[in-house]
Amino acid sequence: MFGLLIPLVGIGLQNALIVLIIYGLLPIVRSTYSGLKEVPAQLVEAAEGLGSTPAQVFKNIYFPLALPSILSGLRITVVMIVALTGLAALIGAGGLGQAIFRGLNTMNTGLIVTGSVGISLFAILGDQWIGQFEKDESLLRVISKNASTAQRNRIIFPSILVLIAAILALIFLNPLSSKNSETITVASKPTSEQFILGEIISQTIENNTDLKVVRKFGIGGGTTNIHPALISRDLDAYVEYTGTAWLNVLKKDLPENNFIDFAELNKTYEDQFQLKWLGLLGFNNTYGLAISKENANAQKIETYSDLALKSSQFTFGAEFDFFERSDAFPGLKKLYPFNFIKLEEMDINLRYQAFEQGKIEAVDVFTTDAQIKNLNLKVLKDDKNYFPSYEAGIVIREEILKKYPEIELLLTNLKGKISTEKMQELNYEVEIQKKSPADVAKDFLKNLNLKDGK
Amino acid sequence: MENNIIIEVQNINFSFGSQKILEDFSANFEKGSFTCILGESGSGKSTLLRIINGLLIPESGLVIIDNDILSPENLIQNRLQMGYVLQGNSLFPHLTVYQNMIYCLQLLKKSDDYCKEKIAKLLPLVGLKKDLLQKFPHEISGGQKQRVGIIRAIAHDPKIVLMDEPFSALDSETRDKLQILVKDIHQKLKTTFVMVTHSKAEARNLGTSILQL
């Protein structure tokens, strides 16, 4: 549902609000309807018979008598909406959900717990608030003008608090304010690597210009949702991979040798989308096959071809998808004569665990995975160029570059500055050492400036 | 004696689906009378009461209340001049006993003081105590509920009081007491009462005239 609305209203807070309102209406409408339907006909007849107008019948009889049912629907809605609001982070609307997703993507349990507890707390508070309305029929009594002081207070005080909180939230967020013209919105996909790169871009801009950066990190669906948002000018810049851009955005077939022509890619982006690639950052995050460094050294395995020759000594593990997709293992097997002892299919997140426990000796990796460094893996060379390259580069709207020409130079400076090993290291710092992406980016930029200074 | 008739029912036809309930039915109700509509279940006695109140619209025929032909335009106006007591419990459960009693007075936008005074006057008439006023209907007995229902129907000094088997859900002892009470109220208020009942004894006991359906 969030995804469906993206083409209509774009990503962000407005989209999230629209979706949440539509979702929330359903249980309220349903409980209101059933509440009204269950008002005893005899009471309606009595009210009509005594001379009430239709409006009076509704106000005096239908509404108060349906109120308990309406409130129970409202209570469900409040809890549901609070929970759903967590998902709004997926479309860059921010909130506590962002903590959860960032935690999930960077394997940071602390963030997940913080986000979850925060959302639960809001849900409980909301539930309690509506609960006060229901308790002792307080709201019904207030509406019927026969409430005791206790019943009245039960409605008034919590509601004043909620109102104050809502006003503060509105002032703070101001969903209707148009985007400040002096800001740049940087996006990222929901992976540790993307969080780090997003921070590197953001901090580079913040440290060297007066521009404000709005961070829309961890957008669900990645390219599928980020690219259209750049076109609709909701987002300004993010890091994309050449392979993804070629296959998923341009929807072109790979050339014979799997070599993606960066110049052609960039030109198509400029012509079709008015988007520009500011060079490539220097690393390639593609599929790879890895074995332990000891094995590699002992058996002198450097390439996929080497591995194929000795594959009868290895058990190979990969995620289900890898065995399924024709552009992954099935095609790979045709090119290299692999003959593993055994193939283990497993969940993508369990591969490294299986490797660590010795259940598998060869594994498929993404070449910048933190675990490559952590488990001391050797990523072998794809000597027949089977996998297309997924080289990372900053994609930015040309309009922004025209408006703030200084940015182009700043970001182009990052060209070639992050090797595949460096990216592994940065991912390692976030995922294994549990540093925040912001800190990792900060250190990286500091070291970069030191080097440049020399 | 035309001006002594307060309700005229003329040539009413009414059916539920294909079943004819009232066929070319006519009747007059005299001012100040206590008419009991007597009949078997299904004879159309409650239907007739609802037609007089405008809750049901006949297929043809007229209802004339105090020389005024009942129509959608004057329906609410006319109903405000009638009291209506239903079978069983029809008190509004979310309102206090007092709020139930002054329901019609509030529809007529009477002042708070007027309401208070009026109810204080009526309480002894139906034999209810003041401490009941702030209770809710579910906190009082069935007989008390019907007494509250009667006050609700007469507090705004209606020209006509319509009652649809008001005592049918009560035990015989309570019923006897309430019959005496209603008879007493009728004599004191001198208002026109129309009561639907299936009990001949009740009709004979209360009615100044009986309309057999």
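Residues of the range B:18-38 being in contact with a helix residue (DSSP H, G or I) (Cβ under 6 Å, 6 or more places away or on another chain) and either at positive phi or surrounded by 21 or more Cβ atoms within 10 Å (Cβ to Cβ) (or both), which ones?
Across the range B:18-38, the qualifying residues are B:Ile21, B:Phe34, B:Cys36, B:Ile37, B:Leu38.
Report, by residue number, each residue of the range B:184-213 that is on the phi < 0 side of the Ramachandran plot, more than 13 Å from the chain's Cα centre (by Cα) and outside any helix (DSSP H, G or I).
So the first thing to find is which residues in the range B:184-213 are on the phi < 0 side of the Ramachandran plot, and the list is B:184-189, B:191-213.
Add one more test, that the residue is more than 13 Å from the chain's Cα centre (by Cα), and what stays is B:184, B:187-189, B:198-213.
Correct list: B:His198, B:Ser199, B:Gly207, B:Thr208, B:Ser209, B:Ile210, B:Leu211, B:Gln212, B:Leu213.
Would you confirm whether or not the range A:82-102 contains a residue that is more than 14 Å from chain B (Cβ to nearest Cβ) and more than 22 Å from A:Gly24 (Cβ to Cβ)? First the steps, then the outcome.
Of all residues in the range A:82-102, those more than 14 Å from chain B (Cβ to nearest Cβ) come to A:82-102.
In the following step, the residues that additionally are more than 22 Å from A:Gly24 (Cβ to Cβ) were identified as A:99, A:102.
Scanning the range A:82-102, I find at least one residue that is more than 14 Å from chain B (Cβ to nearest Cβ) and more than 22 Å from A:Gly24 (Cβ to Cβ), so the answer is yes.
Can you tell me which residue within the range A:352-384, out of those that are more than 23 Å from A:Lys422 (Cβ to Cβ) and among the polar types (S, T, N, Q), is modelled with the lowest pLDDT?
A:Gln353
Can you confirm whether A:Leu235 is buried (at least 21 other Cβ atoms within 10 Å of the Cβ) and aliphatic (A, V, I, L, M)?
Yes, satisfied.
Looking at the range B:65-86, which of its residues are surrounded by fewer than 16 Cβ atoms within 10 Å (Cβ to Cβ) and in a strand (DSSP E or B)?
B:Asp68, B:Ile69
Going by the structure shown, is A:Gly288 closer than 22 Å to A:Ser188 by Cβ, assigned to a strand (DSSP E or B) and at pLDDT 90 or above?
no
Pick from B:Ile185, B:Ile154, B:Ile119: which is within 13 Å of another protein chain (Cβ to nearest Cβ), farther than 22 Å from B:Gly39 by Cα and either modelled with pLDDT of 90 or more or crowded, with 22+ Cβ neighbours inside 10 Å (or both)? I'd like the intermediate steps shown before the answer.
Values: B:Ile185 fails: within 13 Å of another protein chain (Cβ to nearest Cβ); B:Ile119 fails: within 13 Å of another protein chain (Cβ to nearest Cβ).
Step by step, each of B:Ile185, B:Ile154, B:Ile119 is checked, and only B:Ile154 is within 13 Å of another protein chain (Cβ to nearest Cβ), farther than 22 Å from B:Gly39 by Cα and either modelled with pLDDT of 90 or more or crowded, with 22+ Cβ neighbours inside 10 Å (or both).
Can you say whether A:Leu289 is farther than 30 Å from A:Ile360 by Cβ, touching a residue at least 12 places away in the same chain (Cβ under 8 Å), in contact with a helix residue (DSSP H, G or I) (Cβ under 7 Å, 6 or more places away or on another chain) and surrounded by 17 or more Cβ atoms within 10 Å (Cβ to Cβ), as far as the supplied structure shows?
no
Kindly indicate whether A:Asp443 is of a type in the set (Asp, Glu), loosely packed, with under 15 Cβ neighbours inside 10 Å and within 18 Å of A:Leu197 (Cβ to Cβ).
Against the criterion (of a type in the set (Asp, Glu), loosely packed, with under 15 Cβ neighbours inside 10 Å and within 18 Å of A:Leu197 (Cβ to Cβ)), A:Asp443 qualifies.
Looking at B:Ser60, B:Ser111, can you tell me which residue is more than 23 Å from B:Asp164 (Cβ to Cβ), exposed (fewer than 15 other Cβ atoms within 10 Å of the Cβ) and either within 8 Å of chain A (Cβ to nearest Cβ) or touching a strand residue (DSSP E or B) at 6+ places or on another chain (Cβ under 8 Å) (or both)?
Values: B:Ser111 fails: either within 8 Å of chain A (Cβ to nearest Cβ) or touching a strand residue (DSSP E or B) at 6+ places or on another chain (Cβ under 8 Å) (or both).
Testing whether each residue is more than 23 Å from B:Asp164 (Cβ to Cβ), exposed (fewer than 15 other Cβ atoms within 10 Å of the Cβ) and either within 8 Å of chain A (Cβ to nearest Cβ) or touching a strand residue (DSSP E or B) at 6+ places or on another chain (Cβ under 8 Å) (or both) leaves just B:Ser60.
Tell me, which helices (runs of 4 or more DSSP H) wholly within the range A:20-101 include 3 or more residues that are touching a helix residue (DSSP H, G or I) at 6+ places or on another chain (Cβ under 8 Å) and aliphatic (A, V, I, L, M)? Reasoning before the result, please.
Working: elements: A:41-49, A:54-57, A:63-87.
Because the criterion is at least 3 residues that are touching a helix residue (DSSP H, G or I) at 6+ places or on another chain (Cβ under 8 Å) and aliphatic (A, V, I, L, M), the helices (runs of 4 or more DSSP H) in the range A:20-101 that meet it are A:41-49, A:63-87.
For the range A:138-189, how many residues are at pLDDT 85 or above, within 22 Å of the chain's Cα centre (by Cα) and either over 30 Å from A:Gln433 (Cβ atoms) or not in a strand (DSSP E or B) (or both)?
Adding up the residues that qualify gives 3.
Could you list, in sequence order, the residues of the range A:27-65 that are within 9 Å of chain B (Cβ to nearest Cβ), of a type in the set (Gly, Ala, Ser) and farther than 22 Å from B:Leu70 by Cβ?
None - no residue of the range A:27-65 is within 9 Å of chain B (Cβ to nearest Cβ), of a type in the set (Gly, Ala, Ser) and farther than 22 Å from B:Leu70 by Cβ, so the list stays empty.
Among A:Lys442, A:Lys378, which is touching a residue at least 40 places away in the same chain (Cβ under 8 Å), part of a strand (DSSP E or B) and more than 21 Å from the chain's Cα centre (by Cα)? I'd like the intermediate steps shown before the answer.
Working: A:Lys442 fails: part of a strand (DSSP E or B).
It is A:Lys378.
Is it the case that B:Leu105 is within 11 Å of another protein chain (Cβ to nearest Cβ), part of a loop (DSSP other than H, G, I, E, B), closer than 23 Å to A:Leu65 by Cα and aliphatic (A, V, I, L, M)? Even if it seems obvious, please write down each step before you answer.
Values: within 11 Å of another protein chain (Cβ to nearest Cβ): yes; part of a loop (DSSP other than H, G, I, E, B): no; closer than 23 Å to A:Leu65 by Cα: yes; aliphatic (A, V, I, L, M): yes.
Here the answer is no, as B:Leu105 does not meet what is asked.
Within the range B:163-210, how many residues are out of contact with any Cys (no Cβ under 6 Å at 6 or more places or on another chain), among the aliphatic types (A, V, I, L, M) and within 21 Å of B:Arg79 (Cβ to Cβ)?
Residues flagged as out of contact with any Cys (no Cβ under 6 Å at 6 or more places or on another chain), among the aliphatic types (A, V, I, L, M) and within 21 Å of B:Arg79 (Cβ to Cβ) within the range B:163-210 amount to 6.
When the residues of the range A:134-162 are narrowed to those that are more than 13 Å from every other protein chain (Cβ to nearest Cβ) and among the hydrophobic types (A, V, I, L, M, F, W, C), which ends up nearest to A:Pro68 (Cα to Cα)?
Across the range A:134-162, the extreme among qualifying residues is A:Ile155.
So for the range A:423-432 (the condition being modelled with pLDDT of 90 or more, exposed (fewer than 14 other Cβ atoms within 10 Å of the Cβ) and either touching a Pro at 6+ places or on another chain (Cβ under 8 Å) or of a type outside the set (Lys, Arg) (or both)), does at least one residue qualify?
Within the range A:423-432 (the criterion being modelled with pLDDT of 90 or more, exposed (fewer than 14 other Cβ atoms within 10 Å of the Cβ) and either touching a Pro at 6+ places or on another chain (Cβ under 8 Å) or of a type outside the set (Lys, Arg) (or both)), the answer is no, since none of the residues qualifies.
The values are calculated or read from the model by the stated rules, or taken from the named source; none is laboratory data. The structure presented is a predicted model; accordingly, all values stated were derived computationally and were not measured. Because the Cβ atoms are built from the backbone with ideal geometry, glycine has one as well, and the counts that use them run over all protein chains shown.
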